[in-house]
Ligand SMILES: Nc1nc2c(ncn2[C@@H]2O[C@H](COP(=O)(O)OP(=O)(O)O)[C@@H](O)[C@H]2O)c(=O)[nH]1
Ligand SMILES: [Mg+2]
């Protein structure tokens, strides 16, 4: 493992050059997080591996104006085609060729499809629970997992050109209500012949991903953040309710029960707050998860606890998210107390940004309490804009939506409230969520999954779940559980209760393991590819940005280290060097202490080994957060691992 | 500790005889005894004897032995000191110069002879024989799935039980596994308390956690106590005190010891005093960095300028094998006191002592700023 030894001598800035392009134009010098620290807050959209899709380079060179045009074209086309049937880069190429003309691009695309008859053959409506062996000529096994995901309507097979009739297409995607798949029996066992074929032709993950996920709605993980009592659970509960995701009977039950407890205002929150403790206390304690769909996206919602004591849970929730929805309470006095120092609004925003989330929707909630005052809305937006820019969010990546979670105004439909209609004609919350850009998934990198939950499955088996950070995992693959380096076999895979044959980077997967004892696995462990495993160490160096701290950081400082789902006590053993915040240049060797808003390279030691990666090799596992006394004091990137 | 005898000459050479009476005293003994000292105490020795018929029997005999100490181990769980060294006094069962391990235990008298009893050692003896003891405190620091059951005496924090279990998260429709896991976890913590907390001695049990874990746990424990009619818990309910901490990791203990309500209840303990002193150091470092320094070199320079108002020093520096180095630290302590400064010797078994130890073991808050020190590269020595 000596291959990383040299990292100390490398020019740091080189590694992160790409990020300058992304943030260069959005960050000024007096910002909270300065340009040299932008790598702490990387943009998932742009983190794609260069060798995955070179075509993306073209996109990167576009001006903002052209980018906007491009996006709108893509949106229109995907809307017309029901879902993205065509890989994004192909789309981009065509659109650029036709100079952002949607009509002509669309025609060209349709024609192109016509010219590929061999693609069409395999298609036709396939019964949901069958496995479709692919065209043997290309030796690629193509699988339609039995009812993989209720959301991915056209997954696993291509549509015949004949059906590329827009109205029909939309009908198909519509007719598939998300709930309809739930009752379908799930095929747990993998047919034997499939297992063998799979092993014989180890499939290129990129190809596999395209085949499996190229169609259907894009999957998006969204974390909901904001100060405690901002109305996050209520807002999302109501949204789910309106979308028909919550059974009428259940909702009625919640209404009755919450009334009995004298907590009727929490009836929608109960949809997400499921433990008795959460309901009686009226606050969210752990991350709640739910699914719903927008026009183009299948969204998994992570309802994060807002209370400062539960921020560790929030961090693991945000670590799994692609985008964030921030809820702020517009009630007079409440916005202020949530936003001021000590309120969670700021810390949450900084946290999600440091964890790699770059797109943000802000729901200005409870506007019913201020009679839908435009003045109030504008005032809050103004304050938030300044702060969010400082926190490293691009202005174009942040959208503000006025709404009320309790009354349901502007959630899934245009507002009906006259007071709001007077001044607002923008998108509703659901439309805003739909407009999020789905990130590229690093599927061809070595497989890594950070274990977030461990529980008993049916029978003697046990399951682990968490986000697949990179790579892909197939049923019956061998995996290594690190840091213990114990191997196990993947017995089955599922996403949201639906069984799968393969899962990819970005998925929240549940993995049933065999060949390993349940007590030998803990939350925060990394499941990885045994041939290209993660590193394991007790000591590493990180380049950190210090947030607002009450007392300075010195060596010997005890902190709580957050690394993906891992929460572990650690000690800062060395302050190696203090760096200039804006240039990243060395300012001082062995500083005595680190104060507010400084940047530095430090050495961190944990008591027992942990699994981790260099940021330069794997961004997902190369980031750490340091907390102390319930406050986040720094975010860092792993730059050197002592093995 | 009971002082039985003390005979030290003008040069500081001599011996002191002590009887450790409580676990804490073993920690004092550990800090008093250095390599090269000689210790006299009774020990059990196995003696092989051969009978006339040729069969051998082994007997245990009690004998008084004096050794020069070469190695010291402190067993925090058994509260026992294990001294290894060569026998230096003629003995019926043990040859001169032979290696022997002396175990020092509670209530076993021992005499310690040093070539030089310095101020730090004598002060330690004084503290250890002081009969006015602060209350013993138990603390349970917990978060979901993790708990530390600790005992805090005046100079020791001992983790008696660590409960670390995986609790399945709440998942849609599968809340039971979560709640079951939680109940089991609470059960384990409760057993930990029952096993390790002696309510005859302990005056106060602090339960610290983030969120509602402490309340939930407390509720669970007393529900169970009522159900099982557990007199010990029911009779001592008033000794429990619930406080907020940010996590269940051991270092959160310092948050407990800073809680005003706790300080009120347990009065100023050494542990709490040390937490406060270290916090003062950090506050000074934040507000007036030129008045707070750490590391031997900086602190010594500040001392030469008679600038030290408070010296924070870890007791592990006095346990170092290098006699000269120990002397340097003793001189530092003496000199700071001579110039009117306050010296706080931190117990390395307390939470803030652990942190000070990581921070080179020695730190100082100054009376006046010494910005010139800041430019000096203090840590060049390391790496
Ligand atoms: N008036 C009004 N009250 C709301 C609204 N949304 C939430 N609340 C109330 O705010 C309180 C906290 O809501 P909850 O969803 O638990 O907040 P969370 O802590 O952010 O999840 C509850 O009493 C809700 O009924 C809203 O849009 N308008
Ligand atoms: Mg909530």
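The values are calculated or read from the model by the stated rules, or taken from the named source; none is laboratory data. Note that this is a predicted model, so its numbers are computed, not measured. All Cβ positions, glycine included, derive from the backbone under ideal geometry; neighbour counts span all protein chains shown.
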* Asked: With respect to the numbered conditions (1) under 30 Å from residue B:71 (Cα atoms); (2) away from chain A (no Cβ under 13 Å), which one is the sole condition not fulfilled by residue B:305?
  -> (1)
* Search the range A:500-557 for residues being within 23 Å of residue A:312 (Cβ to Cβ) and without any contact (Cβ under 8 Å) to a residue 12 or more places away in the chain, and hand back the single one that is nearest to the other protein chains (Cβ to nearest Cβ). => A:551
* Quick one: would you say residue A:303 is within 26 Å of residue A:620 (Cβ to Cβ), within 12 Å of another protein chain (Cβ to nearest Cβ) and modelled with pLDDT of 80 or more? -> yes
* Taking residue B:217 as the residue in question, decide whether it is in the same structural domain as residue B:363 (by TED's automatic domain parsing) and touching a residue at least 60 places away in the same chain (Cβ under 8 Å). => no
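Looking at this structure, is residue A:428 away from chain B (no Cβ under 14 Å), buried (at least 21 other Cβ atoms within 10 Å of the Cβ) and modelled with pLDDT under 95?
So residue A:428 fails the test.
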* Would you point out which residue out of B:239, B:250 is within 11 Å of another protein chain (Cβ to nearest Cβ) and at pLDDT below 95? => B:250
* Asked: Does residue A:324 satisfy the condition of being crowded, with 23+ Cβ neighbours inside 10 Å and over 18 Å from residue A:563 (Cα atoms)?
  -> yes
* **Answer residue from the range A:602-614, given it is part of a strand (DSSP E or B) and more than 14 Å from every other protein chain (Cβ to nearest Cβ) and is farthest from residue A:443 (Cα to Cα) among those** => A:609
* Residue ID - farthest from ligand 1 (Cβ to nearest atom), chosen from residues in the range A:235-275 that are modelled with pLDDT of 85 or more and within 14 Å of another protein chain (Cβ to nearest Cβ) -> A:240
* Got a sec? Which of B:189, B:197 is more than 14 Å from every other protein chain (Cβ to nearest Cβ) and closer than 23 Å to residue B:22 by Cβ? -> B:197
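Anything in the range A:615-643 that is within 14 Å of chain B (Cβ to nearest Cβ) and farther than 29 Å from residue A:344 by Cβ? List them, or say none.
The answer is A:640, A:642.
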* Among the candidates A:632, A:573, which residue alone is touching a strand residue (DSSP E or B) at 6+ places or on another chain (Cβ under 7 Å), in contact (Cβ under 8 Å) with a residue 40 or more places away in the chain and outside any loop (DSSP other than H, G, I, E, B)? -> A:632
* Asked: Residues in the range A:537-544: is at least one surrounded by 22 or more Cβ atoms within 10 Å (Cβ to Cβ) and assigned to a loop (DSSP other than H, G, I, E, B)?
  -> no
* From the list B:237, B:184, B:203, which residue is within 25 Å of residue B:253 (Cβ to Cβ), touching a helix residue (DSSP H, G or I) at 6+ places or on another chain (Cβ under 9 Å) and without any contact (Cβ under 8 Å) to a residue 40 or more places away in the chain? -> B:237
* Asked: Looking only at residues in the range A:306-317 that are within 11 Å of another protein chain (Cβ to nearest Cβ) and either away from ligand 2 (no atom under 12 Å from the Cβ) or touching a residue at least 60 places away in the same chain (Cβ under 8 Å) (or both), which one is nearest to residue A:439 (Cα to Cα)?
  -> A:317
* Single residue of the range A:443-452 satisfying the filter (away from chain B (no Cβ under 14 Å) and crowded, with 23+ Cβ neighbours inside 10 Å) that is nearest to residue A:300 (Cα to Cα) -> A:449
* Structure fact -> Of B:113, B:82, B:86, B:108, the only residue that is crowded, with 18+ Cβ neighbours inside 10 Å and closer than 29 Å to residue B:330 by Cβ is B:113
* Asked: Which residues, counting only those in the range A:453-484, are away from chain B (no Cβ under 14 Å) and in contact (Cβ under 8 Å) with a residue 60 or more places away in the chain?
  -> A:469, A:470, A:471, A:472, A:474, A:475, A:476, A:482, A:483
* **Check on residue B:121, within 26 Å of residue B:337 (Cα to Cα) and touching a strand residue (DSSP E or B) at 6+ places or on another chain (Cβ under 8 Å)** => yes
* Structure fact -> Given (1) in contact with a strand residue (DSSP E or B) (Cβ under 8 Å, 6 or more places away or on another chain); (2) within 16 Å of ligand 1 (Cβ to nearest atom); (3) more than 23 Å from residue A:632 (Cβ to Cβ), residue A:331 misses just (1)
* Could you say which residue among A:280, A:284 is within 13 Å of chain B (Cβ to nearest Cβ) and surrounded by fewer than 20 Cβ atoms within 10 Å (Cβ to Cβ)? -> A:280
* Asked: Can you tell me which of A:339, A:292, A:335 is modelled with pLDDT of 80 or more, away from ligand 2 (no atom under 14 Å from the Cβ) and within 14 Å of chain B (Cβ to nearest Cβ)?
  -> A:292
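Here's the yes/no breakdown for (1) in the same structural domain as residue A:369 (by TED's automatic domain parsing); (2) more than 18 Å from the chain's Cα centre (by Cα); (3) assigned to a loop (DSSP other than H, G, I, E, B):
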residue: A:413; (1), (2), (3): yes, yes, yes
residue: A:426; (1), (2), (3): yes, yes, yes
residue: A:443; (1), (2), (3): no, no, yes
residue: A:452; (1), (2), (3): no, no, no
residue: A:468; (1), (2), (3): no, no, no
* To do: Filter the range A:227-250 down to the residues that are near ligand 2 (Cβ under 9 Å from one of its atoms) and on the phi > 0 side of the Ramachandran plot, then identify the one that is surrounded by the most Cβ atoms within 10 Å (Cβ to Cβ).
  => A:231
* Entirely in the range B:308-383, the helices (runs of 4 or more DSSP H) that have 1 or more residues that are in contact (Cβ under 8 Å) with a residue 40 or more places away in the chain, within 14 Å of chain A (Cβ to nearest Cβ) and buried (at least 17 other Cβ atoms within 10 Å of the Cβ) -> B:351-358, B:371-375
